[in-house]
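Student: Please see the structure below; I have some questions.
The values are calculated or read from the model by the stated rules, or taken from the named source; none is laboratory data. Remember, it's a predicted structure, so these values are computed and weren't measured experimentally. Here the Cβ positions follow ideal geometry from the backbone for every residue, glycine too, while neighbour counts run over all protein chains shown. Ligands, DNA and RNA are excluded from the accessible area calculation, which covers all protein heavy atoms including side chains. Shrake-Rupley method; radii C 1.70, N 1.55, O 1.52, S 1.80 Å.
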Amino acid sequence: MDLNKSKDSFLSLNESQETRLTSASNLQNTSGVNVTRVSNAKKPFGIGNATIQPPNREQESNSASVNHRSGVQVRRVSRVSRLDESTANRSNELQPIDDEPMKAASMAPRKASGITVIKFPHNKNVRAVSVDADSNKLDGQRRYDGVFSTATNKTSQIMVKSSKPTTVNVLNASLNGRPRATSLVCTVSSQSTWSQTATTVFGSPTGASGSTLSLLNSPIGMYYDEPKNTLIVTEYGNKRILQIYLNNSPSVGTVIAGGNGAGCKMNQFTTNIGVGLDSSGQLYVSDAGCNRVIKFPSNSTPTTSGTLVGNISDSQDLCINPSTGDLYVVSYVNNAVYKFVNGSGPPVVAAGGNGYGNALNQLAGPNSVYYDYLYTHSLYVTDNDNQRVMKYPSNSTSATNGTVVAGGKGAGSGANQFNRPRTILVDSQGTLYISDGDNNRVQRWLQNATNGTAIVGGDKAGTSSNQLKFPETILFDRFGNLLVSDRNNNRIQRFKITTC
């Protein structure tokens, strides 16, 4: 239903007592269907378990229009005084539609109060999160298997995402305002494309390094805090961890750990590489030069001393599985990936650990690790010296043979090769995205593919907006844009998504 084209909304009640919203253009005189035009109602009337109030024309004229894009439908019922779960169960189901790209709907009430109710089927592919006006996450769950309701006087946005094309139906019981769809957010798929020229969201567009709070010096690791739309960046050169707000980029960063010179004190780093947050907001940092992983409390500052999680020789990148709290850390010299179960205790080998080599149970100078807890439930490792990406099952150990899912054809710039692969991402279709350091590009590998495709970069090293210089960590923001820590250009680049 296109709410831009149809100013009137209709509530229809059929013989099964099912309420639904339709548009004038779709309205048919069907037997057994009683149609009431909400906009013409003179007094309150009942449908199902809801009491419908006549619309407030002043409110309606002041409310923003609802945008509609192909692939996502946003249905609304305004001025509902009472709405119980049984009504939501009947009228708020997510239904598959066509073969449209995967998207998410962002619903933002305007000065509203009441309850917004969304009904999700038992579908592990559907995720949602509500955030307040300051982008603080109100509900930490990532998946919902039933009715999700939130107080709209507290909620600024409800982000709904599905790994499959989905119709998003929303009932809103707002009494003081009407919801509006502020944006439709692409979920990255194998068909997605990005602009070939980037915007510098932090650091110097020309590649200059520095130690001020608006400059970077060798950024390596990144973590994206989606509800807050912030980046947490490890700076090798400045021995500090910066928090960067993307809502007002380019902005001034905030030092949340380190920045006290090189050293192995608990408020210092020597070679800080990997970074991540757990579900409680604790900050984890791997420090290769001090052979350790340390954590800091939420809201830490440069004066805060961290706590030792464990000692890992030449610790490289790290990754946290938010569904379990398990912490994965790469050891470059031990050619292994270690797992701290629930983020603590003695580490156990999750991959490799059988010496330097190219056998399927071996790694050679591994650099990064990524655990995909949403889609493939697998562990991925960039095996740097073997120029390949390895995939392992979720319960892998040192005895487990991995599978080569990309590369493994020696160092080079061919479509089937890497030259120092750095970090990995996985989308809902199992497609891999890999930063290729010395090839200055980011590649996409489809499942079971023998070749990759460069999605950005690759036109030799440089400082132009279409160039990279040893890209390290890659991330997708909540809009599907690609973020790259452009290490040797001392900047963070954002490539805007152009096709979902």
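Student: Would you kindly state how much longer the chain becomes between Asn395 and Asn416 on full extension, computed as 0.36 nm times their sequence separation minus their alpha carbon distance, in nm to one decimal? Write out the running numbers ahead of the final one.
Tutor: On the way: separation 21, 0.36 × 21 = 7.56 nm, distance 2.85 nm.
Between Asn395 and Asn416, full extension yields an extra 4.7 nm.
Student: Report the charge-dipole magnitude of region 193-499 in Debye, nearest 20, computed about the Cα centre from +1 at each Lys and Arg Cβ and -1 at each Asp and Glu Cβ. Let's see the in-between values first.
Tutor: Values: 21 positive and 18 negative charges, 66 e Å.
Taking the Cα centre of region 193-499 as origin, the dipole is about 320 debye.
Student: Going 7 Å from the Cα of Ser249 toward and past its Cβ, which residues in region 454-478 have a backbone nitrogen under 11 Å from where you end up?
Tutor: 475-478, by backbone N distance to the label point.
Student: Let me ask something additional. Please give, to one decimal in nm, the separation of the simple spin-label points placed at Asn448 and Thr498, each 7 Å out from Cα toward the Cβ.
Tutor: 3.1
Student: Just to be sure I understand: if I project the alpha-carbon convex hull of region 219-297 onto a plane and average over all orientations, what area do I get in nm²?
Tutor: 4.8
Student: How much of the pair distance distribution for region 193-499 lies past 23 Å, counting alpha-carbon pairs only, in percent?
Tutor: More than 23 Å apart: 51 percent of the Cα pairs in region 193-499.
Student: Okay, moving on. For Asn466 and Asn358, FRET efficiency with R0 = 45 Å and r from the beta-carbon atoms, rounded to 0.05? Walk me through the numbers before you get to the answer.
Tutor: Values: r = 34 Å, r/R0 = 0.76.
E between Asn358 and Asn466, to the nearest 0.05, is 0.85.
Student: Sort Met266, Met222 by accessible area with a 1.4 Å probe, largest first.
Tutor: Largest accessible area first, the list is Met266, Met222.
Student: Then there is this: Determine the gain in length on full extension of the stretch Thr301-Cys264; use 0.36 nm per residue of separation and subtract their C-alpha separation, reporting nm with one decimal. Please list the in-between numbers first.
Tutor: Numbers: separation 37, 0.36 × 37 = 13.32 nm, distance 1.69 nm.
That pair, Thr301 and Cys264, stretches by 11.6 nm at full extension.
Student: Go through Lys295/Lys339; Lys295/Lys496; Lys239/Lys295; Lys265/Lys295; Lys339/Lys391 and tell me which ones have a Cα-Cα distance over 24 Å in this structure.
Tutor: Details: Lys295/Lys339 15 Å; Lys295/Lys496 32 Å; Lys239/Lys295 15 Å; Lys265/Lys295 13 Å; Lys339/Lys391 15 Å.
Check vs 24 Å cut-off fails for Lys295/Lys496.
Student: If you roll a 1.4 Å probe over the heavy atoms of the protein chains, what accessible area per residue do you get for region 193-499, in Å²? Working shown, then result.
Tutor: Numbers: 10890 Å² over 307 residues.
Each residue of region 193-499 exposes 35 Å² on average to a 1.4 Å probe.
Student: Now a separate question. How far apart, in nanometres, would the label points at Asn342 and Ser313 be if each is projected 7 angstrom from Cα along the Cα-to-Cβ direction?
Tutor: Each label point is offset 7 Å from its Cα along the Cβ direction, giving 2.9 nm.
Student: Right, another one. Got a number for carbon plus sulfur as a percent of region 193-499's accessible area, 1.4 Å probe?
Tutor: Answer for region 193-499: carbon and sulfur cover 46 percent of the accessible area.
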